[in-house]
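Working notes, structure below.
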Amino acid sequence: MTAEPAPQPEPDPRAENRSRDWLHRLRDVRESGDRRAAAPLVHALIQDLLDDDQHSDVVDTLCVLEDLRCENALTDVLLSGAASLRVREAALRVLMCLPSDDPPPLRVAAWLDDPDPLVRAHGATFLIPRDEERLARLMRDPAPVVRRAAAEALVASARTPILVETLRRALRDPDPYVREVACRAALFDEPLAATYDLLHLLDDPDPDVRCGVYDALEDFPCVSVLLALADARSGPEGELAAVSLALLVTRVTVVLATSGERGAERILRWVAPARWVLDEDWSSGTWERDGDIGDGADRDGEGSEPGDGVEVVGGHSAGDPALATDDADDAAQAGDGDGGRSRPAVDFARAQRILTDPDAAAVEQRALLVDRDWGATGADGLRLLRDVMRAPGWDVRHGAAIALFDLLRAAGGIGGAGAGEAELGAVGRGAADALLCSARDVEPIVRRVGLHALTHARDPRAVEAAGETLADEGARHLAGDAALQAIVALGDRAQAEAAIRAELQVEVDRDGLQLGAIHLAERLASEVPWPAVVADLRRIVESPIVAGVAVHVAALQVLRTLTAASAGARMSPASVPLLPVSLAPPVSLGHLEAVDHLDIQAQLGLWGWRGGRFG
């Protein structure tokens with residue numbers, strides 16, 4: 001419930017003077033990240049004496065500074081209702097930029113039911129995929145500020161029927177910012193049911209929405225999308241349309257070349273209405289971008305198989321490309337000892353000075369922790385990082401966990417055989433203990449780093465922490481993949497099988513863990529026959545497509561690899577069946593026959609499926 005308006009404090013002349021001093025140096029503050037400016041700027045913002053340009057600059061600067069010491073004052077202003085609308089809106093925007101831990105769920109629930117739309121929007125920023133009913137309700141809220149916050153919470157969450165429909169509603173929202181964010185959500189989750197809604201936005205009046213929809217459609221290899229993008233080349237965003245179309249054409253041609261005779265035959269029948277697009281001259285290459293060309297590029301061909309490049313630790317798979325992210329922790333986890341990037345050694349004296357300075361720039365503190373190698377800092381580094389792990393901001397704790405991983409590697413704790421406790425020494429043992437605390441951090445992204453590090457170190461204590469994460473509904477969506485990998489890598493066979501099957505048997509994959517579980521199941525089944533997992537994969541294959549197709553495609557591929565069901569199909573050498581298991585009765589694939597998606601049709605061709613449409 002909204003609190004009673006608080007009495008306005010008496011003006012403080014000294015605070016006013018400090019605020020004026022900083023207002024003249026906003027650009028310098030943003031560039032330097034000097035957090036001494038934060039409190040005076042918050043004071044100036046709350047007093048509401050700034051003109052429009054100053055107001056906007058102050059908000060932008062506070063977002064850059066990310067100073068958690070301002071959180072209480074801004075939260076009080078937002079929740080009290082005493083300040084003006086523009087001050088409270090500014091407070092909400094700055095609060096969304098702060099790396100603070102989530103508040104208790106009951107407090108969030110109270111905010112979501114508050115009659116004040118700004119308070120409801122503040123509560124929406126803490127929602128996770130498990131809160132699908134609340135997200136759906138907030139997307140119908142009459143206040144645009146609430147729907148905007150709900151749309152942000154949809155990103156990387158639209159995996160359930162309710163949230164896919166909520167995303168489609170967001171794509172049709174009257175507010176252009178909501179539509180733009182919804183395009184980003186579609187880019188993450190690729191829900192097939194949203195294809196038409198995305199195509200409708202190609203003619204959106206807002207240019208930011210149009211840019212967002214072109215980005216999203218690059219991950220929708222559908223005939224309908226190919227045709228729409230081909231037509232859109234003559235529109236106002238013709239260059240963007242050409243780039244997106246060229247990427248999709250490349251993806252189709254690569255899959256055609258790697259799907260074998262039977263797979264290619266089906267793909268060509270499916271893509272026939274857009275065959276003229278494929279036949280155009282794409283040789284100039286002026287459209288190319290950095291990055292991949294989609295999930296299906298090397299699928300089932302003579303090239304790599306899902307799971308290639310996964311480090312096998314303790315006899316089981318310790319990671320999977322399907323679970324990789326662009327987070328700094330993943331880059332650090334593959335550091336020098338694991339064949340990854342080389343980072344310069346940290347200047348310890350400088351790092352100690354900056355990391356213990358509460359006014360130091362947040363971006364500089366993170367860079368010292370993530371972009372520098374802490375392996376040579378020894379006991380002094382361990383003591384400092386232990387202190388940093390108590391920081392209120394999760395982003396700094398996240399960086400400290402990455403730096404601890406450097407210490408553990410340098411102590412010999414990362415390697416093919418792993419180091420025993422005696423070999424690690426005091427620094428290595430201390431780093432491992434601190435990383436175990438990271439693996440139980442309240443923030444899931446910090447847990448993720450700790451679990452990854454302990455998995456690479458083959459520390460069996462990670463299994464218990466991983467089980468806690470998988471049981472934590474608030475952490476599964478961000479750290480569940482790392483937890484699953486830890487159990488498979490470090491637990492015994494029974495623990496690994498139980499963890500994988502628990503994810504495969506989930507009716508609704510709201511936390512996005514099934515894709516990784518499928519690839520880990522393939523690895524386990526390649527070591528020891530595991531017929532029981534075939535039933536789980538079959539159930540996934542025969543279930544309706546709820547959001548994106550990636551889980552179905554992976555299940556089709558792995559099921560075909562693990563069984564003799566498609567012995568009549570032309571398979572690459574890497575796809576020789578690993579189990580003497582036949583599927584009786586045959587797997588039902590009819591519900592996938594008319595799915596307008598390249599990867600599904602390629603799999604049906606490889607299975608030798610003969611349907612009435614493209615068979």
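Summary table
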item	result
FRET efficiency, ALA502 to SER543 (Cβ-Cβ, R0 22 Å, nearest 0.05)	0.85
Spacing of the two label points (7 Å from each Cα toward its C-beta) at ALA532 and ARG275, in nm	4.9
Solvent-accessible area of ILE46 with every protein chain in place, 1.4 Å probe, in Å² to the nearest 10	50
Cα convex hull volume per residue for the stretch 111-218 (Å³)	78
Using a Förster distance of 60 Å, the FRET efficiency for SER80-SER588 (Cβ separation, nearest 0.05)	0.55
Gain on full stretching of the segment that runs from SER342 to SER224 - 0.36 nm per residue minus C-alpha separation	38.1 nm
In the stretch 25-73, GluC sites (Glu not before Pro) in a DSSP loop with at most 13 other beta-carbon atoms within 10 Å	none
Sparsely packed trypsin sites (Lys or Arg not before Pro) within the stretch 361-392, loop by DSSP, other Cβ within 10 Å at most 11	ARG390
In the stretch 481-550, the GluC sites (Glu not before Pro) that fall in loop regions by DSSP, at most 11 other Cβ within 10 Å	GLU507
Solvent exposure ordering (accessible area, 1.4 Å, most first) of ASP57, ASP481	ASP57, ASP481
Förster radius 56 Å - calculated FRET efficiency between ASP208 and ALA349 (Cβ-Cβ, nearest 0.05)	0.80
Contour excess over end-to-end distance, with Cα ends at GLN495 and SER234 and 0.36 nm allotted per residue	88.3 nm
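The values are calculated or read from the model by the stated rules, or taken from the named source; none is laboratory data. Note that this is a predicted model, so its numbers are computed, not measured. Neighbour counts run over all protein chains shown; Cβ positions are idealised from the backbone, glycine included. Ligands, DNA and RNA are stripped out before the accessible areas are found, and what is left, the full protein with its side chains, is counted by its heavy atoms. Shrake-Rupley method; radii C 1.70, N 1.55, O 1.52, S 1.80 Å.
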